[in-house]
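Report on one structure; see the data block that follows.
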Amino acid sequence: MTSTPRHFARLAKLSADYKAAEDAREAARLALHEAIVRHLRERNARPGKIAEHTPYDRNWIGDIGRNATPPVPPLKGPNAVGPAPKYDPAVQAAALEELDRLTADYRRAGAAMDKARPLIHAEIVKHYEAGRGPEEMAPHTPYDRNWIGEIARSSSTARQRAKRTPAAAE
């Protein structure tokens, strides 16, 4: 592991926090998808009901089921397996409650990423305005040098425009 220069320590810490939030979101997404596939496979609830309790629409739920290994057999159509399922209200309620909980975990993890991102961007802008280049910052962020340059230039330009705008012009 490379050592972090002192002036990039905060940037590296913010990036580590972001990476942890990103990993948590991915783990939450995988758990949510596994539950969706399990409930589709066990016929605990209709795909439309599952969609109402996840961040996905009914078609996306179908895609998740079709892309599972092995794929979830369809409910209708020429490839449908077995008779139409009968849904037990208690089983369905438990399944939907689990999906609500997993969806909340997924959204919380996404919110943590959304909270960490602007902090990293502000730190990038601070270093850029202090004369440090994107190449220097890249190893300490989750971004490549091109993206760092884009973040830094767009924010710096906006700040400089704000400085040039006279307050009396309001």
Expressed in angstrom, Rg and Dmax over the Cα atoms of the range 75-164 are 24.1, 71
Correct semi-axes for the chain, from √(5λ) of the alpha-carbon gyration tensor and rounded to whole Å with the largest first, are 47, 18, 14
Which residue, 51, 31, 90, has the most motion in a Gaussian network model of the chain that connects Cα atoms within less than 10 Å? 90
Binned at 10 Å from zero, the C-alpha pair distances of the range 23-73 give percents of 28, 59, 14, 0
Phi angles of the range 14-24, converted by Karplus (6.51 cos²θ - 1.76 cosθ + 1.60, θ = phi - 60°) into ³J(HN,Hα) in whole Hz with x for Gly and Pro, give 4, 5, 5, 4, 5, 4, 5, 5, 5, 5, 5
What lysines could a cross-link reach from residue 86, if we take a straight Cα to Cα line under 21 Å and drop same-chain neighbours fewer than 8 places away? 49, 76
Between residue 10 and residue 144, 0.36 nm times their residue separation minus their Cα-Cα distance comes to what? 46.5 nm
Calculated from DSSP H runs of 4 or more alone, at -39500 (n - 2.57) each and per residue, what is the 222 nm mean residue ellipticity of the chain, nearest 500? -22500 deg cm²/dmol
Taking a quarter of the surface of the Cα convex hull of the range 3-102, what do you get in nm²? 8.4 nm²
FRET efficiency for residue 63 and residue 154, using Cβ-Cβ distance with R0 set to 45 Å, rounded to 0.05: 0.85
Distant-in-sequence amide H partners of residue 132 (H built 1.01 Å from N, under 5 Å): none
Provide the gained length on full extension for the span residue 104 to residue 23, in nm with one decimal, where the gain is 0.36 nm per separating residue minus the Cα-Cα distance. 27.6 nm
Counting as exposed only trypsin sites (Lys or Arg not before Pro) in DSSP loop states with no more than 10 other Cβ atoms inside 10 Å, the longest exposed-site-free span of the chain is 87-170
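A short reminder: the numbers here are calculations on the coordinates, not readings from a lab. Just so it is clear, the model here is predicted, and its values are computed rather than measured. No Cβ is skipped: glycine too gets one built from the backbone with ideal geometry, and neighbour counts run over all protein chains shown.
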